[in-house]
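Structure, as structure tokens:
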Amino acid sequence: MRSEQEANRAIRQYADTVRRLCMVYMKNDADTEDIFQTVFLKYVLSSVSFRDGEHEKAWFIRVTINACKDQLRSFFRRQTVPLEAAAEQAAPEGTETGGVLEAVLSLPQKYRNVVYLHYYEGYTAPEISRILGRNVNTVYTLLTRSKRMLQEKLGGEEG
């Protein structure tokens, strides 16, 4: 772990570079500040020794770019929309959505979990298997059975 003096020197020296790079990638102040903190936290916690100033600057640039790319690839970011865009969308019809949600909530817990994670949160079966600590094939089986149960409850056709 680096000293407070080292951290302060690095912030004075590289803060502008890190912020500019973040703005190029993230295009907003909030994400820029998050990445900025992440980068300097990594610096403080890292034990990397640098050959010279250029090597240190290159490290900051590389870590900043990687942190921005990781943030842009994150599941949370892919599954969200700005509030302005959400406000413009019409609310879903209550009766149809309510019936489906009611049917999902009436499933036994083990089925409800996989249905929720897959259809509502957008996780894949391998991701669900890691989250729940179950075998991937078990997750596929639970999804298939829950789909069949929902079809029976909602009166849908096999397909």
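For ASP29, ASP52, write out the residues from largest to smallest accessible area, computed with a 1.4 angstrom probe and no ligands counted.
Numbers: ASP29 110, ASP52 80 Å².
Sorted by accessible area, descending: ASP29, ASP52.
Residues in segment 8-17 carry Karplus couplings, in order, of 4, 4, 5, 5, 4, 7, 10, 4, 4, 4 Hz; the curve used is 6.51 cos²θ - 1.76 cosθ + 1.60 with θ = phi - 60°, and Gly or Pro positions show x. Take ARG19: with every protein chain present and a 1.4 Å probe, its accessible area is about 90 Å². Per-residue 3J(HN,Hα) values for segment 44-51, derived from phi via the Karplus relation 6.51 cos²θ - 1.76 cosθ + 1.60 with θ = phi - 60°, read 4, 7, 7, 10, 5, 9, 9, 5 Hz in sequence order (x marks Gly and Pro).
Heavy-atom accessible area for TYR14, with the other protein chains in place and a 1.4 Å probe, reaches approximately 10 Å².
So for TYR111, TYR119, what's the accessible-area order with a 1.4 Å probe, most first?
Working: TYR111 25, TYR119 130 Å².
Sorted by accessible area, descending: TYR119, TYR111.
Each residue of segment 143-153 is assigned a 3J(HN,Hα), and the resulting list reads 5, 5, 5, 5, 5, 5, 5, 5, 4, 5, 5 Hz, derived from the Karplus form 6.51 cos²θ - 1.76 cosθ + 1.60 (θ = phi - 60°), x at Gly and Pro.
Reachable lysines from LYS153, Cα under 26 Å, same-chain residues fewer than 8 places away excluded? Answer for LYS153, where 26 Å is the Cα cut-off: LYS110, listed by chain and number. Remark: accessible surface ordering of ILE11, ILE128, ILE65 (largest first) is ILE11, ILE65, ILE128, probe radius 1.4 Å.
The values are calculated or read from the model by the stated rules, or taken from the named source; none is laboratory data. The model shown is predicted, which means the values in this text are computed figures rather than measured ones. Just the protein is used for accessible areas: all its heavy atoms, side chains included, with ligands, DNA and RNA removed. Shrake-Rupley method; radii C 1.70, N 1.55, O 1.52, S 1.80 Å.
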